[in-house]
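Only one structure is covered here, and it is reproduced in the block below.
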Amino acid sequence: TEVVSSEIRISGLICKNLNPNFSRPAGDGNINDYFLNNNKVIITDVDTRAVVRHIRDKGAMNAIISSDNSDIESLKAQLAKVPSMEGLELSSTVSTKDAYTFGNENATYKVAVLDLGVKRNILRCLAERGCFMKVFPMHTSIEDMLAWNPDGFFLSNGPGDPSAMPEVIAEVTKILDSGLPIFGICLGHQMIGLSSGLKTYKMHNGHRGINHPVFNLETGKGEITSQNHGFAISMESLEGQENIVLTHKNLN
């Protein structure tokens, strides 16, 4: 398994049982050591089903893990200092600092990637489909990306509230106006929506995991997807929009 980010991006892991063993012949370490080496915390023996039920009722929320302090009021005071995800811009904490290329430079297509928090496996999937990519930091101007002479643009996934990124939205508007093909996943898809006059909102508890059904309105078929997002594009904001065609609808 290849790590799809330069480091662990979560602050901690909550689980019922932690298995310290690994069974893959090519494995070179266990998950406990992996977290220790990255200075990240794991808490075990937690009734995770009860946690999920609580989140389903109360909505996604911040949490705190402590091994040296069991005073609830003290922990609550620390937790209160953590900002809400709504209105929080986080892409700048994970976007690449310097542009780099990925894939075979003799590939069929050249794709400029705006890195809002891209997963390396997405770049691999595009490379397998004939794309040579140059990955740019999130605040790169369209002029700097066009100077590379790409055939199209890809806006990556990433963390945080999409509406808290006005500079990126403004740049994506220019990309849309360029007439070149543009493709977005997750946060990148929401950037395209916001640049086209749509609205986004923070979901009650987000979509996490595999087997999320999406209805393809053009083919009439269901598509099974994996998803991991806490914000979504508002269906209501589509009303009266003449420059947008709705092609897919999340059945969840």
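With all protein chains kept in place, the per residue accessible area of region 183-252 amounts to 61 square angstrom at a probe of 1.4 angstrom. Taking mean projected area of the Cα convex hull in nm² as calculated from this structure, the corresponding entry among (1) 17.8; (2) 16.8; (3) 15.9 is (2).
Using the average count of surrounding beta-carbon atoms within 10 Å as a protection proxy, the listed peptides 189-198, 221-230 rank, highest first, as 189-198, 221-230. Could you tell me what percent of the accessible area of region 14-107 is made up of carbon and sulfur, with a 1.4 Å probe and every protein chain present? Heavy-atom surface of region 14-107 belonging to carbon and sulfur, 1.4 Å probe: 48 percent. For Glu86, no residue whose modelled amide H falls within less than 5 Å of its own remains once neighbours fewer than 5 places apart on the same chain are excluded. A cut-off of 5 Å between modelled amide H atoms, ignoring neighbours fewer than 5 places along the same chain, links Met203 with Phe231, Ala232. GNM on the chain, alpha-carbon springs under 10 angstrom: the most fluctuating residue among Leu18, Leu146, Leu187 is Leu18.
The GluC sites (Glu not before Pro) of region 63-131 meeting both criteria, a DSSP state outside H, G, I, E and B (loop) and at most 10 other C-beta atoms within 10 angstrom of the site's C-beta, are Glu105. Shown here for region 10-72: trypsin sites (Lys or Arg not before Pro) in loop regions (DSSP other than H, G, I, E, B) with at most 13 other Cβ atoms within 10 Å, namely Lys16. Where in region 211-230 does the amide nitrogen come within less than 20 Å of the point 7 Å from the Cα of Leu251, taken along Cα to Cβ? Once the point is set 7 Å along Cα→Cβ of Leu251, 211-229 turn out to lie under 20 Å by backbone N, inside region 211-230. Of Asn19, Asn157, Asn149, the residue with the greatest mean-square motion in the GNM of the chain, using alpha carbon springs below 10 Å, is Asn19. Of all stretches in the chain that contain no chymotrypsin sites (Phe, Trp or Tyr not before Pro) in a DSSP loop with at most 15 other Cβ atoms within 10 Å, the longest one is 23-147.
The values are calculated or read from the model by the stated rules, or taken from the named source; none is laboratory data. Since the structure is predicted, the reported quantities are computational estimates derived from the model, not experimental observations. Note: ideal-geometry Cβ built from the backbone for every residue, glycine included; neighbour counts use all protein chains shown. Ligands, DNA and RNA are stripped out before the accessible areas are found, and what is left, the full protein with its side chains, is counted by its heavy atoms. Shrake-Rupley method; radii C 1.70, N 1.55, O 1.52, S 1.80 Å.
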